[in-house]
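The values are calculated or read from the model by the stated rules, or taken from the named source; none is laboratory data. Bear in mind the structure is a predicted one, so any value in this text is a computation, not a measurement. All Cβ positions, glycine included, derive from the backbone under ideal geometry; neighbour counts span all protein chains shown. The accessibility values were calculated without ligands, DNA or RNA, using every heavy atom of the protein model including side chains. Shrake-Rupley method; radii C 1.70, N 1.55, O 1.52, S 1.80 Å.
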Amino acid sequence: MVPFVGHGYKRNEILTQPAVAISLYELIDLNTGTLRVNSHKELCARFKIQSDALIIASGVDKDSRVEAWWQFANKDLLSALKNISINLITVPNFSVLTDVPRWDNLHSIKRIALAWYQLSQAGIPAALHLNARTNADYDRWLSFIRERSEIQSISFEFATGCGYEGRINWHVQQLCKIADGSPQPLTLFVRGGARAVSILDKHFSKVVLI
């Protein structure tokens, strides 16, 4: 397991960690859809990160902020993100809810796949975020990964519903099935779910806990 430190804000203090995770949505002005920084140097200065740190932008957040990505993701924004040299972005986690018609789940899953495609086409390293409610959802994700050898990493979030007692074990089993069924080794980036890492670590080539 490799831990990534989530960045907290302390005035005039440079974070000396070699690897740092920041929120994708703190990079973007959610009113205009433009980046708040124009270069890697500005990125490090804004978040008080040392210039040689590995930086991951996490796409996990509340629905209102995730939806802003869908509104603003375009060629200009993607080009600007590429220019600030982030090491990896985890794809926005469009919600797969239990109290909506089933087609809403499938729509969110499709949007996750399209967001991954947008980032990848722009030349930005991206971890495919897996949201799923059923065995069939996970089977489709595995098929998607098997057909695309360029997918080298995935992400998952246990901090909300997926981490609930009685549900977390099922998700862990499904993630292990994804890792075992993928023809290429996969790195897993996880938010929350620290107690599941020891199991996941046996199936993925690397597990990064944010």
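Overview of values
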{"quantity": "For the chain, calculated [θ]222 nm from helices alone, where every DSSP H run of n ≥ 4 adds -39500 (n - 2.57)", "calculated": "-11500 deg cm²/dmol"}
{"quantity": "Linear extension gain, THR98 paired with ILE14, 0.36 nm per residue minus alpha-carbon span", "calculated": "26.1 nm"}
{"quantity": "Tensor-based shape of the chain (alpha-carbon gyration tensor, a/c under 1.5 rounded, otherwise prolate or oblate)", "calculated": "prolate"}
{"quantity": "Stretchable slack from SER23 to ARG195, in nm (0.36 nm times residue separation minus alpha-carbon distance)", "calculated": "59.6 nm"}
{"quantity": "Dimensionless Rg over Rh [the range 129-210; C-alpha; Kirkwood]", "calculated": "0.92"}
{"quantity": "Projected label distance in nm at LYS41 and ARG167, using a 7 Å step from Cα toward the beta-carbon", "calculated": "4.7 nm"}
{"quantity": "Given LYS41/LYS110; LYS82/LYS202; LYS62/LYS206; LYS110/LYS206, the pairs whose alpha carbons are separated by over 31 Å", "calculated": "LYS41/LYS110; LYS82/LYS202"}
{"quantity": "5 angstrom amide H check on VAL208, placed H, neighbours 5+ away", "calculated": "VAL2, LEU188, PHE189, VAL190"}
{"quantity": "Built amide H within the under 5 Å cut-off of GLU157, gap 5+", "calculated": "ARG191"}
{"quantity": "For LEU54, residues with placed amide H under 5 Å, excluding near neighbours", "calculated": "ALA19, VAL20"}
{"quantity": "DSSP beta bridge pairing in the chain, given as percent antiparallel to the nearest 5", "calculated": "5 percent"}
{"quantity": "Per-bin percent of Cα-Cα distances, the range 71-163 [5 Å]", "calculated": "3, 13, 23, 24, 18, 12, 6, 1"}
{"quantity": "Packing-based ranking, highest mean first, of 106-115, 31-40 given that Cβ atoms within 10 Å are counted", "calculated": "106-115, 31-40"}
{"quantity": "Solvent-accessible area per residue, Å², over the range 24-174 with all protein chains present [probe radius 1.4 Å]", "calculated": "48 Å²"}
